[in-house]
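What follows is a short report on a single structure.
The values are calculated or read from the model by the stated rules, or taken from the named source; none is laboratory data. Since the structure is predicted, the reported quantities are computational estimates derived from the model, not experimental observations. Backbone-built Cβ (ideal geometry, glycine too); neighbour counts: all protein chains shown. Ligands, DNA and RNA are stripped out before the accessible areas are found, and what is left, the full protein with its side chains, is counted by its heavy atoms. Shrake-Rupley method; radii C 1.70, N 1.55, O 1.52, S 1.80 Å.
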Amino acid sequence: GFMIDQIEPGSIFEKSGLQDGDVVKSINGIELDNVQAAIKLLHNLKGESKIDFVMSRGGTELPVSINVQ
């Protein structure tokens with residue numbers, strides 16, 4: 001996974017409940033195990049209307065869904 005850092009106030013990420021320090025473990029069911037895979041996946045998500053994350057906060061895994069407008 002990768003750690004979230006410097007979430008912009010008012011951004012879609014903040015509105016979805018993500019916080020600095022959260023660790024994103026998977027996106028749309030695809031496990032993230034290295035930075036290159038995460039970047040490639042994020043580029044492939046352009047145009048998606050909904051993105052599902054599994055993230056870890058304080059050792060607890062939480063599902064997060066973002067509806068992209």
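A few points about this structure:
- Spin-label model distance (nm) - Leu62 vs Lys46, 7 Å beyond Cα toward Cβ: 3.0 nm
- Per residue, the solvent-accessible area of the chain (1.4 Å probe, heavy atoms of protein chains only, all protein chains present) comes to 70 Å².
- Cα-centre dipole for the chain with unit charges at Cβ (Lys and Arg positive, Asp and Glu negative), debye to 20: 200 debye
- Cut-off 15 Å between beta-carbons: net charge of the residues surrounding Asp5, Lys and Arg +1, Asp and Glu -1: -3
- Positive-pole candidate from Ala38, Ser56, Leu18, dipole of the chain, charges at beta carbon: Ala38
- Accessible surface, 1.4 Å probe, highest first, among residues Phe53, Phe2: Phe2, Phe53
- Rel. contact order, % - alpha carbon contacts under 8 angstrom, at least six apart, the chain: 31 percent
- Largest accessible area first, the residues Glu48, Glu31 order themselves as Glu31, Glu48 under a 1.4 Å probe with ligands, DNA and RNA left out.
- Multiplying the residue separation of Phe2 and Val23 by 0.36 nm and removing their Cα-Cα distance gives an extension gain of 7.0 nm.
- The portion of the accessible surface of the chain made up by carbon and sulfur, rounded to a whole percent, is 51 (1.4 Å probe; DNA, RNA and ligands excluded).
- Its convex hull of Cα atoms gives the chain a direction-averaged projected area, equal to a quarter of the hull surface, of 4.4 nm².
- The calculated 222 nm mean residue ellipticity attributable to helices in the chain amounts to -5000 deg cm²/dmol, summing -39500 (n - 2.57) over DSSP H runs of n ≥ 4 and dividing by all residues.
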